[in-house]
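Below is one structure, written out as structure tokens, with a few remarks after it.
The values are calculated or read from the model by the stated rules, or taken from the named source; none is laboratory data. Model, not experiment: these values are computed from the prediction. Heads up, the Cβs are rebuilt from the backbone with ideal geometry, glycines too, and the neighbour counts pull from every protein chain shown.
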Amino acid sequence: MNDERNLAIARKGRHIALVIAGTTLLWLALSLFIGPAIGLPGRYALLFDFIALAGFVYAGINTFQLWRMRQDSQR
């Protein structure tokens, strides 16, 4: 039981790390390199910012869930 919980915690932590890294890389690539290179108007940069913000909020919620999982496993 404890090993399954530890594996679930580790899996969730890796998932959060990948979401944060992927969101950051995609956001930087779209807003700094790809967007200007293909001539997208500046309003699309705001769209990319909102998409990145949604990804970071998702990661924050999952981080809170991970924290709760770790608190419950220590009891």
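What the table below lists for this structure:
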| read-out | value |
| --- | --- |
| Long-range neighbours under 9 Å by Cβ, at least six apart or interchain, first residue surrounded by 12 or more Cβ atoms within 10 Å (Cβ to Cβ) within the stretch 5-33, second not in a helix (DSSP H, G or I) and not small (Gly, Ala, Ser) | LEU30/LEU40 |
| Search result, residues across the stretch 23-74 that are at pLDDT below 95 and closer than 30 Å to GLU4 by Cα | MET69, ARG70, GLN71, ASP72, SER73, GLN74 |
| Check on LEU46, in a helix (DSSP H, G or I) and either on the phi < 0 side of the Ramachandran plot or in contact (Cβ under 8 Å) with a residue 40 or more places away in the chain (or both) | yes |
